[in-house]
Amino acid sequence: MNFAPGSIDLHSHSTASDGGLSPTALINRAVNAGVHVLALTDHDTTDGLFEARQAANSCGLKLINGVEISVRWQKRTLHIVGLGVDTASESLCAGLKILQSIRIDRAERINARLEKAGLQDALEKAMLIAQDGQVTRTHFAQALVEAGRCKDMKQAFKRYLSAGKPGYVSAEWAPMEDAIGWIHSAGGVAVLAHPMLYNMSAAWRQRMLAAFTETGGDAVEICCGSSNAQQIQQSAKEAVTHGLLGSAGSDFHHPEQRWIKLGGLAPLPASVTPVWTHPRLATLLQ
Ligand code: AMP
Ligand code: MN
Ligand code: MN
Ligand code: MN
């Protein structure tokens, strides 16, 4: 199964989590960007998929049901994307419910810490921005910018929301085996997201890929919106070593983040077997 480079994008966000566009606006933007196959992969929720499906049907885009699950592994946070999931799966729904309550609990603790750092009503502000979507650190970052405490989101993460900073709290997200188990019982394919974005040494990355493979993971993202040519080559090598399929996803959030576009990704290196050849996705894409 061949797709023109840039026409398939298997990682994106909407207002159901920390994306800036509604599912409908996201789909329309993807079509205008020349994307034929898009996965909507919001953080710990599939709530955007119903609206996205209606929009995709009306404009002929192939939508893959997705979700990006927050995972705690070796005291680190990892993201595992599920592709081709059945949103009615009881196991997946129950798992996501747990993560959503962890998000609320963590948001209350972030609020208390930001209050100590002098930002009043941070949770209220973040929830107003998040509206019906999952509350994420991105919304706290936006609240910090709107309150004039930081000049942009990047600075808000750097000064307040990254590990070790005044507004950071760690959370006990899902164990890796649970996340992969929920995705598989929902009929989906488990993809380790953006392996180069975890601030890990190469040795730790090998440990992570080995654990992911042993736990039943299927694929790893190789072409991300943030990856350079050297990272793509390195990730491709690692995917082959660990026997993982390769995925391509921009991780698009906001049109204002002009350096990350929908689609437009580099082609997967020829050494890698594309994740869309996995039987589950191949069936969906027929
Ligand atoms: P959370 O899952 O609530 O901890 O939020 C994680 C999200 O925050 C990621 O998916 C990114 O969208 C965003 N994020 C993390 N680090 C940064 C950063 N340094 N700059 C901008 N956004 C970030
Ligand atoms: Mn995000
Ligand atoms: Mn992520
Ligand atoms: Mn993402």
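The values are calculated or read from the model by the stated rules, or taken from the named source; none is laboratory data. The shown structure was predicted, so the numbers you read here are calculated from the model rather than taken from an experiment. Every residue, glycine among them, receives a Cβ derived from its backbone with ideal geometry; neighbour counts consider all protein chains shown.
Scanning segment 94-118 for residues that are free of Cβ contacts under 8 Å to residues at least 40 places away in the same chain and either crowded, with 17+ Cβ neighbours inside 10 Å or over 21 Å from the mean Cα position of the chain (by Cα) (or both) turns up ALA107, GLU108, ASN111, ALA112, GLU115, GLY118. For segment 214-246, the set of residues classified as in contact with a Phe, Trp or Tyr (Cβ under 9 Å, 6 or more places away or on another chain), closer than 15 Å to LEU197 by Cα and surrounded by 17 or more Cβ atoms within 10 Å (Cβ to Cβ) consists of VAL220, GLY225, listed by residue number.
Among the helices (runs of 4 or more DSSP H) confined to segment 185-286, the ones with at least 1 residues that are among the basic types (Lys, Arg) and free of Cβ contacts under 8 Å to residues at least 60 places away in the same chain are located at 202-214, 229-242.
For segment 168-175, the criterion of being within 15 Å of ILE69 (Cβ to Cβ) and more than 15 Å from ligand 3 (Cβ to nearest atom) is met by at least one residue. Surrounded by fewer than 23 Cβ atoms within 10 Å (Cβ to Cβ) and more than 30 Å from GLY118 (Cα to Cα): is that true of MET200 in this structure? In short, yes.
For the condition away from ligand 4 (no atom under 13 Å from the Cβ), in contact (Cβ under 8 Å) with a residue 40 or more places away in the chain and over 22 Å from PRO267 (Cα atoms), ASP47 qualifies. If you go through segment 35-71 and keep only what is of a type in the set (S, T, N, Q) and either modelled with pLDDT under 95 or closer than 22 Å to ARG137 by Cβ (or both), you end up with THR41, THR45, THR46, SER70.
Looking across ASP121, ASP105, one residue alone is away from ligand 4 (no atom under 16 Å from the Cβ) and more than 28 Å from VAL191 (Cβ to Cβ). It is ASP121. Only a single item in (1) under 21 Å from the mean Cα position of the chain (by Cα); (2) modelled with pLDDT under 95 is not met by GLN286, and it is number (1).
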